[in-house]
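The values are calculated or read from the model by the stated rules, or taken from the named source; none is laboratory data. The shown structure was predicted, so the numbers you read here are calculated from the model rather than taken from an experiment. Please note: Cβ atoms are built from the backbone with ideal geometry, for glycine as well, and neighbour counts cover all protein chains shown.
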Amino acid sequence: MASFAFYLFALLAVAGGGLLVTLRNPVSSALAMVLSFVGLAGLFIGLNAYFVGIVQILVYAGAIMVLFIFIIMLLDLNDEKPAKFKLSTVLAGIVIPLLLLVQILGVIQSGLHGEEAEFTKIDEETMKVSAKEFPKESAIYKSLTHEKSPKLPDTNLIGHTIFKSYNFPLQVMGALLLVATIGVVVLSKRSHKKAPTDS
Amino acid sequence: MDTPFIIAAAIKIAVFIGITMSFVSICVIFERRFSAIIQDRVGPNRTMIPLSILGFKKDLALPIGGLTQPVADGLKFILKEDFTPSYVRKFFFWLAPVLVVVPALLTMAVIPFGSPMEFGDTIIPMAIADLNVGPLFIFAIASLSVYGITLAGWASNSKYPFFGGVRACAQMISYEIALGLSVIPVLMYFGGLNLGHIVEDQVTNGWLLLPLWNEGGFIIGSGYWGEPLVAQRLLLLIPIIISFVIFTTSIFAETNRMPFDLPECETELVGGYHTEYSSMKFALFFMGEYAAMVVGSALIVTLFLGGWSIGFGIDGILPTGAWWVSLIHIGVFLTKVTFFILFFVLVRWTVPRFRYDQLMNLGWIVFFEAALINVFLAALVIAYPSIGGLGVLIGFALLTIVTILLIKVAKGATQKPSATAV
């Protein structure tokens, strides 16, 4: 059952990626990318990372790709003509995925050799053991050692990790995004003022 | 994967999707009758079985008033000619209605309809999927329905549907931000994303928006409200009410309901994004809108108005886990949802349509900022026990300065551009 879900969503992700490259219509390509994101989200959820999976759909499929499609439609782009490739680009397109494949194979060989990778619920014993790292009154501890239905509190765990271990990088990233946003506003305002002088 | 789980899940899917679909058709009759009452008309108050077309003398009138009107409407949609214009982009034209309905129905999966049933050792939560990311799941899946409307506009390959699609796209993205930000104070208060737990919290501590009663009955004479934190809980009502207003309005915009139904604005765009659609494909858009409305009402009820909790302290008296209690709770939940749907209808026939720039200003300049400030306001109130009175005062002073500055900037942004600039 679980592995069936894995293959389904993996197939969805790969098919979406393949269609993204092969389809000629920009809107079709964008939708194929959405399909790929949904497949990826399914894989995350299968690994008990509900929060990451849902955010994958919310941010990428629900917001970013909508903006992509919005722009494509507004510009009314036509079908792409098949481009001629240089030998060097084709070679790069073959070599880089091969390197990645070798790396993945290496990881598989060294890490999970002989072990059946789980794609199901985490068992309760593991959760109880890992709960000991957290204070007893915290939401994470309560969720992990819940009497009737213990659950992996992945959202709380992500929040815990980000705000405890990586608080400073998070603040820096926030400042970076703010600067980028202000920069975009300033740039767009400047071009807006110039526009009347052109006409 | 155990068999009872699968059986329970299958039954729940069938029943809850069935409830949603029947609510969609009930919505239609509500909408028509309620609008008729508002406009001092009669409305569809009788539906007849047309025996006359079979050669009988008279049509058969049913004694249940206009309640069968949705059936007649549905039949009409099915029997109409399904016409596909020759100039449309066929694949997307067919895909679009499906993309509107499916997300709207999928979001129903995480709504807790009633209190969990207990059969021996097994507890069956009355939500199809008892996820730990409930509200996020709804936002994520609901944000996919924008593809349906946008694609419908684009695939129709004609002018007015395209405008409708573009409008829908921009509007839904804008209001998703307000929607997501406005719900943060609520989630901070509950400290979790599981909708089932959120409702149970409200059963024991009072509804979020109406903390008038808890498990022990009304506030008066109940131990919980004698505690010193009662002032904090009452202060928290301010950010919660702001949240509620922003959230409800954003749901209106997300479902393309009346004050914000610019994408299908009849006076400007013929029929908007579904101009080229007919028959069952049009009906799917219709169903998607109403299903989104039902889910939106269900979500508002779950987050702010206690979900399936009866209130008045009755929940504490009833035994937990009995199947009949669950059924009562489901009934209470559906009653609340019905009231909210009536509220949706009332607003539709009361408030006139916004202009498009007003819509965008409201979303980006008013709601976005208000929701952001509201997050900090709620955080200050919630953090009171740990940072003390002085910390809250300093925070409140800073927040006031930021708010005043923001209002100044926002006023500058909403000023109408001078005639020469246009």
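Details
- Meets criteria (more than 30 Å from B:Asp315 (Cβ to Cβ), under 15 Å from the mean Cα position of the chain (by Cα) and crowded, with 20+ Cβ neighbours inside 10 Å) for B:Ala142: no
- Flag if A:Phe85 is more than 10 Å from chain B (Cβ to nearest Cβ), within 23 Å of B:Phe162 (Cα to Cα) and not acidic (Asp, Glu): no
Residues checked against (1) of a type in the set (Phe, Trp, Tyr); (2) within 12 Å of the chain's Cα centre (by Cα):
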position: A:Leu31; (1), (2): no, no
position: A:Phe37; (1), (2): yes, yes
position: A:Leu40; (1), (2): no, yes
position: A:Phe44; (1), (2): yes, yes
position: A:Asp76; (1), (2): no, no
position: A:Lys86; (1), (2): no, no
position: A:Thr89; (1), (2): no, no
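Each row is one residue, and each column tells you yes or no for (1) in contact with a strand residue (DSSP E or B) (Cβ under 9 Å, 6 or more places away or on another chain); (2) closer than 30 Å to A:Leu31 by Cα.
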{"site": "B:Ile17", "(1), (2)": "no, yes"}
{"site": "B:Phe23", "(1), (2)": "no, no"}
{"site": "B:Ala36", "(1), (2)": "no, no"}
{"site": "B:Met48", "(1), (2)": "yes, no"}
{"site": "B:Asp59", "(1), (2)": "yes, no"}
{"site": "B:Gly66", "(1), (2)": "no, no"}
{"site": "B:Gln69", "(1), (2)": "no, no"}
{"site": "B:Asp73", "(1), (2)": "no, no"}
{"site": "B:Lys76", "(1), (2)": "no, no"}
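- Any helices (runs of 4 or more DSSP H) falling wholly within region A:1-95 and containing at least 3 residues that are at pLDDT below 85, surrounded by fewer than 16 Cβ atoms within 10 Å (Cβ to Cβ) and of a type in the set (Gly, Ala, Ser): A:2-22
- Residue count, region B:90-125 (criterion: under 20 Å from B:Val203 (Cβ atoms), under 20 Å from the mean Cα position of the chain (by Cα) and surrounded by fewer than 23 Cβ atoms within 10 Å (Cβ to Cβ)): 1
- Scope region B:54-82; condition in contact with a helix residue (DSSP H, G or I) (Cβ under 7 Å, 6 or more places away or on another chain), exposed (fewer than 15 other Cβ atoms within 10 Å of the Cβ) and in contact (Cβ under 8 Å) with a residue 24 or more places away in the chain; matching residues: B:Ile78, B:Lys80, B:Glu81, B:Asp82
- Filtered residues of region B:364-395 (kept if β-branched (Val, Ile, Thr) and out of contact with any helix residue (DSSP H, G or I) (no Cβ under 8 Å at 6 or more places or on another chain)): B:Ile394
- Within this structure, B:Asp82 fails the test of being part of a helix (DSSP H, G or I), more than 13 Å from chain A (Cβ to nearest Cβ) and modelled with pLDDT under 85.
- The numbered conditions (1) on the phi > 0 side of the Ramachandran plot; (2) at the interface with chain B (Cβ under 8 Å from one of its Cβ atoms) are all true for A:Asn48 except (2).
Rundown of residues vs (1) at pLDDT 80 or above; (2) small (Gly, Ala, Ser), yes/no style:
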position	(1), (2)
A:Gln103	yes, no
A:His113	no, no
A:His146	no, no
A:Ser188	yes, yes
A:Lys193	no, no
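Residues are listed down the side, and each one gets a yes or a no for (1) in contact with a Lys or Arg (Cβ under 6 Å, 6 or more places away or on another chain); (2) over 22 Å from A:Val55 (Cβ atoms); (3) assigned to a helix (DSSP H, G or I); (4) at the interface with chain A (Cβ under 8 Å from one of its Cβ atoms):
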residue	(1), (2), (3), (4)
B:Tyr87	no, yes, no, no
B:Trp94	no, yes, yes, no
B:Val101	no, yes, yes, no
B:Ala109	no, no, yes, no
B:Leu131	no, no, no, yes
B:Val146	no, no, yes, yes
B:Ala152	no, yes, yes, no
B:Gly164	no, yes, yes, no
B:Ala168	no, yes, yes, no
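- Applying the set (1) within 14 Å of chain B (Cβ to nearest Cβ); (2) closer than 27 Å to A:Ile158 by Cα to A:Ala10 leaves exactly one unmet item: (1).
- On the stretch given as region B:1-28, residues that are modelled with pLDDT of 85 or more and touching a Ser or Thr at 6+ places or on another chain (Cβ under 9 Å) total 1.
Table: residues versus (1) surrounded by 22 or more Cβ atoms within 10 Å (Cβ to Cβ); (2) touching a Lys or Arg at 6+ places or on another chain (Cβ under 9 Å).
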position	(1), (2)
B:Ile238	no, no
B:Ser243	yes, no
B:Phe247	yes, no
B:Cys265	no, yes
B:Glu276	yes, no
B:Phe282	no, yes
B:Ala291	yes, no
